[in-house]
Each structure stands twice: as C-alpha cells, then as structure tokens.
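Undergrad: What follows is a structure written as structure tokens; I'll ask about it next.
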Amino acid sequence: MASETIILPAVVVFACVSVLWVISLRIKDVSIADIWWGPGFAVIAWVLVYQHEQPAARLWVVTALLSIWAVRLGVYLGARNIGHDEDKRYQEMRDRTPGFWWVSLFKVFYLQGALQLLVALPVFATTSLTSTLGPVDIVAVVLVIFGIGLESTADIQLARFKRDSGTDNTVLRTGVWGWCRHPNYFGNALIWAGVGLLAI
C-alpha cells in the first residue's frame, strides 16, 4: 500500500470529523460522532475509488458493501440520536472534563477518525489486489451480507423491545438476542471478517 494512497482519505476523514466537531459545539451534543461511524468507512472507500483510474474489482465490491452498511447504520443511529439528549457517556465525560468543548475534538472526533483509518486498513489493501474474484471472495461477500442482516435485525428487535417495555432495566432474551448476548456487535464482527477475507 503506497503511503500516498492513505493521505487523501486521511485528509478527508479528519476534515469531516472537524466539521462534525464544529456542529457539535453549536448543538452542544457530541453524539453525532456516533452517527458518522458507519458512513465514515464508506467515505474512505469512495475516496479510494476516486484515487484510482481503474479501481480493482475487489475495491468496488468492498465499496458497495460498505456503502450499504453505512447507509443502514447511519440512518439507524441518526433516527435514534437526533432530537434526543446527548448520550449519557458523553454527558458524564462533559461533566468531569474541564474544557470539554476543546478536549472533545481530540478525545472523541479525532480519535474516531484515527480509529476509522486503522480499522479500514483491509479496505486500503484491496486497492492493490487485481486478481480475479474467487470462491473465497464469494464466501467473504456472503459473510458481510449476513453480518449486515444480523446487525440490522438485532437493532430493530432491540429498538422494538425498548419501545414496548418502556424501560432500560430489563434484558432482551428473544429473537437473535436469545442466542447471542450482543448480536449487533457479532454482526459487525462478521462484516469486518468478510472485508478482511476480501483483502487477503
């Protein structure tokens, strides 16, 4: 992976999180950083597509899959967060951190941008892989699609459960939550396992 390949995506990511930070100051809510998590990876992938005159098939596949996941997760988190109070984790951080408005730029937004670039390393790897897609790649794509489906199902079931139960003090034990304690995170792990397979 050429070093210049990572420069433009890094600049774009840190420009985006900087804009989000400014918005968070205006609305006094850093929870918007969470909404950016999924879409940030799609942005990285599309910047990589833009950088290459003839993007490899693998990069196109990864970009398409991440775009589907990003839209799904971004819309879900946006609907869950916008119009509600700031996430309790950030409220606690705000209360105990002097100068939080400034600290949040580094501790929330820039940290997330750096983590996105680190987690996206398999996406960067696909830019240099020109071999034809094979059986392992098909398995990888199925893994990503299954992961997106599992994560989506888990989020829908949890949102419905919270709405119907009216409390956060009960534990969801039905649906996909009946056989896995954190099926949404497991689905996310499957997504990145699939992306990793595509990058090998």
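Undergrad: Assuming R0 = 25 Å, what is the FRET efficiency of F106 and S152, from their Cβ-Cβ distance, to the nearest 0.05?
TA: Given R0 = 25 Å and the Cβ-Cβ separation, E is 0.20.
Undergrad: Could you work out the mean projected area of the convex hull around the alpha carbons of region 31-91, in square nanometres to one decimal?
TA: 4.5
Undergrad: Another question about this same structure. Which three semi-axes in whole Å describe the equivalent ellipsoid of region 8-127, each the square root of 5 times a Cα gyration tensor eigenvalue, listed largest first?
TA: 29, 15, 10
Undergrad: Follow-up. Taking the Cα centre of each part, how many Å lie between region 37-60 and region 95-131?
TA: 17
Undergrad: Hey, if you put +1 on the Cβ of every Lys and Arg and -1 on every Asp and Glu Cβ in region 70-155, which of G99, L117, T132 ends up farthest toward the positive end of that dipole?
TA: Selected residue: G99.
Undergrad: A further question on this structure: How much accessible area per residue does region 78-200 have, counting only protein heavy atoms and a probe of 1.4 Å, in square angstrom?
TA: Numbers: 7310 Å² over 123 residues.
Value for region 78-200: 59 Å² per residue.
Undergrad: Hey, another quick one. What percent do you get for the relative contact order of region 105-200 when only Cα pairs under 8 Å and 6+ apart count? Before the final figure, lay out each step's value.
TA: Working: 75 pairs, mean separation 43.6, N = 96.
Relative CO of region 105-200 lands at 45 percent.
Undergrad: Also, quick follow-up: Mean shadow of region 74-160, computed from the convex hull of its alpha carbons, in nm²?
TA: That works out to 8.3 nm², a quarter of the Cα hull's surface.
Undergrad: Given N residues in region 161-200, what is its alpha carbon radius of gyration divided by 2.2 N^0.38 Å?
TA: Its radius of gyration relative to the 2.2 N^0.38 Å reference: 1.61.
Undergrad: Considering every pair of different Cα atoms, what Kirkwood radius, in Å, is found for the chain?
TA: Working: mean 1/r = 0.0549 Å⁻¹.
With all distinct Cα pairs of the chain included, I get 18.2 Å.
Undergrad: How large is the accessible surface per residue of region 1-49, computed with a 1.4 Å probe and reported in Å² as a whole number?
TA: Details: 2220 Å² over 49 residues.
With all protein chains present, region 1-49 gives 45 Å² per residue.
Undergrad: Ok, one more. Dipole magnitude of the chain about its Cα centre, charges +1 at Lys/Arg Cβ and -1 at Asp/Glu Cβ only, in debye to the nearest 20? Don't skip to the end; give the middle numbers.
TA: Numbers: 15 positive and 14 negative charges, 82 e Å.
Charge dipole, the chain, about its Cα centre: 400 debye, nearest 20.
Undergrad: What are the lysines whose alpha-carbon lies under 17 Å from the alpha-carbon of K28, with same-chain residues fewer than 8 places away excluded?
TA: Counting by Cα, and skipping residues close in sequence, K28 has these lysines nearby: K88, K107.
Undergrad: Within straight cross-link reach of K162, meaning Cα distance under 17 Å, which aspartates and glutamates are found once same-chain residues fewer than 8 apart are removed?
TA: D85, D87, E151
Undergrad: Can you give me the % of accessible surface on the chain that is carbon or sulfur? Probe 1.4 Å, all protein chains present, nothing else counted.
TA: Numbers: 7370 of 10970 Å².
Here it works out to 67 percent.
Undergrad: Working out 0.36 nm times the residue gap between V11 and R72, then minus their Cα-Cα distance, what length gain in nm do you get to one decimal?
TA: Full-extension gain reported as 19.5 nm.
The values are calculated or read from the model by the stated rules, or taken from the named source; none is laboratory data. This is a predicted model, so every value here is computed, not measured. Virtual Cβ from ideal backbone geometry, glycine too; neighbours counted across all protein chains shown. Ligands, DNA and RNA are stripped out before the accessible areas are found, and what is left, the full protein with its side chains, is counted by its heavy atoms. Shrake-Rupley method; radii C 1.70, N 1.55, O 1.52, S 1.80 Å.
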